[in-house]
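Here the structure is laid out as structure tokens; the discussion comes afterwards.
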Amino acid sequence: MRTVESRADRQARTRTELIDAAEELFTAKGFHATSLDAVADAAGYTKGAVYSNFSSKEDLFFAVYERRVERHLEHVGGLFGEADDAGEGILRVVAAVGELRRRRADGWMAVFLEFWTHVVRHPEHRARFGELHAQAVEPFASAVERFASQHGVALPIPPDQLATAMFAMENGIALERLTNPEVADSDLPIRLVELLFGALVADQRGA
């Protein structure tokens, strides 16, 4: 029997299709170069449909980013859960993220940086951006805390700050590779994390 799509279902489908189109255009063309008209056309809707679901282009980008964060949390949560040792879990996640970026090569890192600099100049968006970014970093902070507990390590700085530094390091290397892939190989973040954990354990043993 054929079911009739409810209004709520139609609205949810419209919103999803607009986010799909926006993500593709943002990653291909960038944030500033992508217009809401282009998103509407790509999704097969009018510009009015965009504004009935999103208050601005920034709001639409945040919807894309929120969905990516949700998928990121699901992905890394599974990887962390597979590893008994928290340090090994972090290495698996760093490796998996690097491999995902190599396979996709979809321009997300470039548009992410573009939007980040946009937020810096538009403080009304900082709180929302910061909250989302913190959600992405949080699993690393929890893993760092578990690593310290498992190995009897006294962390020299709080785990959330150490996780933020690791996250920034990995993003920074990815950005460097956007313009010059030869400046660092794709496994560099893994080796740096291994060095960090090795230094923490060695320092604890020498204390």
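Which numbered condition in (1) within 25 Å of GLU170 (Cβ to Cβ); (2) outside any helix (DSSP H, G or I); (3) under 20 Å from the mean Cα position of the chain (by Cα) is the only one that HIS32 fails?
Of everything listed in (1) within 25 Å of GLU170 (Cβ to Cβ); (2) outside any helix (DSSP H, G or I); (3) under 20 Å from the mean Cα position of the chain (by Cα), HIS32 misses just condition (1).
Just to be sure, is VAL50 assigned to a helix (DSSP H, G or I), surrounded by 14 or more Cβ atoms within 10 Å (Cβ to Cβ) and assigned by TED's automatic domain parsing to the domain that holds PHE112?
Working: assigned to a helix (DSSP H, G or I): yes; surrounded by 14 or more Cβ atoms within 10 Å (Cβ to Cβ): yes; assigned by TED's automatic domain parsing to the domain that holds PHE112: no.
When the stated conditions are applied, VAL50 does not pass them.
Output the residue which, of all residues in the stretch 7-34 that are touching a residue at least 12 places away in the same chain (Cβ under 8 Å) and of a type in the set (Ser, Thr, Tyr), is surrounded by the most Cβ atoms within 10 Å (Cβ to Cβ).
Quick first cut of the stretch 7-34, residues touching a residue at least 12 places away in the same chain (Cβ under 8 Å) only: 11, 14-15, 17-28, 30-32, 34.
Filter once more, so that each one left must be of a type in the set (Ser, Thr, Tyr): 14, 27, 34.
Numbers: THR14: 17, THR27: 20, THR34: 22.
Out of the qualifying residues, it is THR34.
Being touching a residue at least 60 places away in the same chain (Cβ under 8 Å) and of a type outside the set (A, V, I, L, M, F, W, C) is the filter; apply it to the stretch 151-207 and report the residue that is surrounded by the fewest Cβ atoms within 10 Å (Cβ to Cβ).
Here the residue is ASP187.
State all residues of the stretch 63-73 that are surrounded by fewer than 20 Cβ atoms within 10 Å (Cβ to Cβ) and under 17 Å from GLU24 (Cβ atoms); if no residue qualifies, say none.
Applying the first criterion (surrounded by fewer than 20 Cβ atoms within 10 Å (Cβ to Cβ)) to the stretch 63-73 yields 63, 66-73.
Within the stretch 63-73, ALA63, GLU66, ARG67, ARG68, ARG71 meet the criteria.
Whether any residue in the stretch 124-142 is part of a helix (DSSP H, G or I) and over 29 Å from ALA22 (Cβ atoms) is what I want to check.
Pass one, the stretch 124-142, residues part of a helix (DSSP H, G or I): 124-142.
From what's left, over 29 Å from ALA22 (Cβ atoms): 141-142.
Yes: the stretch 124-142 contains one or more residues that are part of a helix (DSSP H, G or I) and over 29 Å from ALA22 (Cβ atoms).
Checking SER55 against (1) under 15 Å from the mean Cα position of the chain (by Cα); (2) not in a helix (DSSP H, G or I), which test does it fail?
Exception for SER55: condition (1).
Select from the stretch 184-199 the residues that are outside any helix (DSSP H, G or I) and of a type outside the set (D, E, K, R) and write down the one among them that is farthest from ILE90 (Cα to Cα). Let's see the steps before the verdict.
Quick first cut of the stretch 184-199, residues outside any helix (DSSP H, G or I) only: 184-187.
Subsequent filtering for residues that are of a type outside the set (D, E, K, R) retains 184, 186.
On the way: ALA184: 20, SER186: 16 Å.
By that ranking, first place goes to ALA184.
The values are calculated or read from the model by the stated rules, or taken from the named source; none is laboratory data. Note that the coordinates shown come from a computational prediction; the quantities given were computed from them, not determined experimentally. Positions of Cβ are generated from backbone atoms using ideal geometry, with glycine treated the same way; all protein chains shown enter the neighbour counts.
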